[in-house]
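Data block below; observations after.
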Amino acid sequence: MTDRDGDAKDFWDKLRIILSPIGGLLTALAVASLGFIGSRTVERQQAAEAKIRLYSELMTRREESEATLRKEMFQSIIGSFFDAGSASLETKLLKMELLAENFHEALNLAPLFKSIHREITGGSEPPRLKQAYEARLADLAREVTRKQMLVLESGGKRKDWTVVFSDSLAEGAAPVQLEDAELTLDGIKRRFRVTISRADTIASELKMALEVETVAQPGVPSEAVGRHVVEFDVGFYSTPMIDNTRLSNDQRVAVVLSDMNRFGASVSLIYFPGSRASLREKPYYEEILRKLADTGQGR
């Protein structure tokens, strides 16, 4: 072995001796850094989860408080409608406004609307006061319909018509067929045909038939393909979230009377998903199973 080889070996030995403690120090620093970073990450996650839990608890308590308040309000208002004591029309209209403003998405208020309307027309109040009450009730019904239409339009499709009345339509002799509407929602295309057979300008109601045609297309069950006709009356007290027709694929369609006088009417058709319907309108079990199957296939 030469002196040069011995010097090189001594150099590397000395370097190893010097670097060994440095390597241990660096390892210790790396482990400590990783532990610090890991603990900070865990702390941040725990803080975020604590905030989420706090927010969830606050929202749950808020919803529970609101539900309790709405329950007490509903029991108080609806109970007073069936009390034996006689309340004035002014009081009943005020209670009707409270019900309509707070519970129109969950309740079918048409019977109460019609009951109060009958009391107004059959009451002993002066004609001018009766007209004011009728206008107030009609405005309330239109406002409920307007609010519901805004919600349904945000997730659905709409078609509007203006109908001019004739003497024959008022007498129920010659039906009026409106222009067909072809609308597509969530990839499902349907054709809608509305036919008005009678116009009752006194009661502000239209008697009509709605024909729904669904052609064979992907995602539509075979039993839903074809034409289906339903007949019904539509008035100011008919609300689309409640008074609608079920279609396949958890979809709905409703016809709305937004305005009417002795010369004509404004009619709208709204085609919307079942998720936007009233709280009491639940999807059928087979629709839920079909959605679950579609989700599983999508994965």
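The values are calculated or read from the model by the stated rules, or taken from the named source; none is laboratory data. Keep in mind it's a predicted model, so treat the numbers as computed, not measured. No Cβ is skipped: glycine too gets one built from the backbone with ideal geometry, and neighbour counts run over all protein chains shown.
Conditions (1) without any contact (Cβ under 8 Å) to a residue 40 or more places away in the chain; (2) basic (Lys, Arg); (3) more than 22 Å from Ala203 (Cα to Cα); (4) surrounded by fewer than 18 Cβ atoms within 10 Å (Cβ to Cβ), marked per residue:
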{"residue": "Val234", "(1), (2), (3), (4)": "yes, no, no, no"}
{"residue": "Ile242", "(1), (2), (3), (4)": "no, no, no, no"}
{"residue": "Leu247", "(1), (2), (3), (4)": "no, no, yes, no"}
{"residue": "Leu257", "(1), (2), (3), (4)": "no, no, no, no"}
{"residue": "Asn261", "(1), (2), (3), (4)": "no, no, no, yes"}
{"residue": "Ala265", "(1), (2), (3), (4)": "no, no, no, no"}
{"residue": "Tyr271", "(1), (2), (3), (4)": "no, no, yes, no"}
Members of segment 77-107 found to be modelled with pLDDT under 75 and out of contact with any helix residue (DSSP H, G or I) (no Cβ under 9 Å at 6 or more places or on another chain), listed by number: Gly79, Phe82, Asp83, Ala84, Gly85, Ser86
Any chance Thr162 is modelled with pLDDT of 90 or more and under 26 Å from Gly264 (Cα atoms): yes
Those residues of segment 220-261 which are within 21 Å of the chain's Cα centre (by Cα), outside any loop (DSSP other than H, G, I, E, B) and over 24 Å from Ala138 (Cβ atoms), in sequence order: Thr245, Arg246, Leu247, Gln251, Arg252, Val253
Checking Gly226 against (1) among the small types (Gly, Ala, Ser); (2) over 30 Å from Asn261 (Cα atoms); (3) crowded, with 16+ Cβ neighbours inside 10 Å, the condition it does not meet: (3)
Enumerated strands (runs of 3 or more DSSP E) restricted to segment 101-217, each holding at least 2 residues that are at positive phi and surrounded by fewer than 17 Cβ atoms within 10 Å (Cβ to Cβ): none
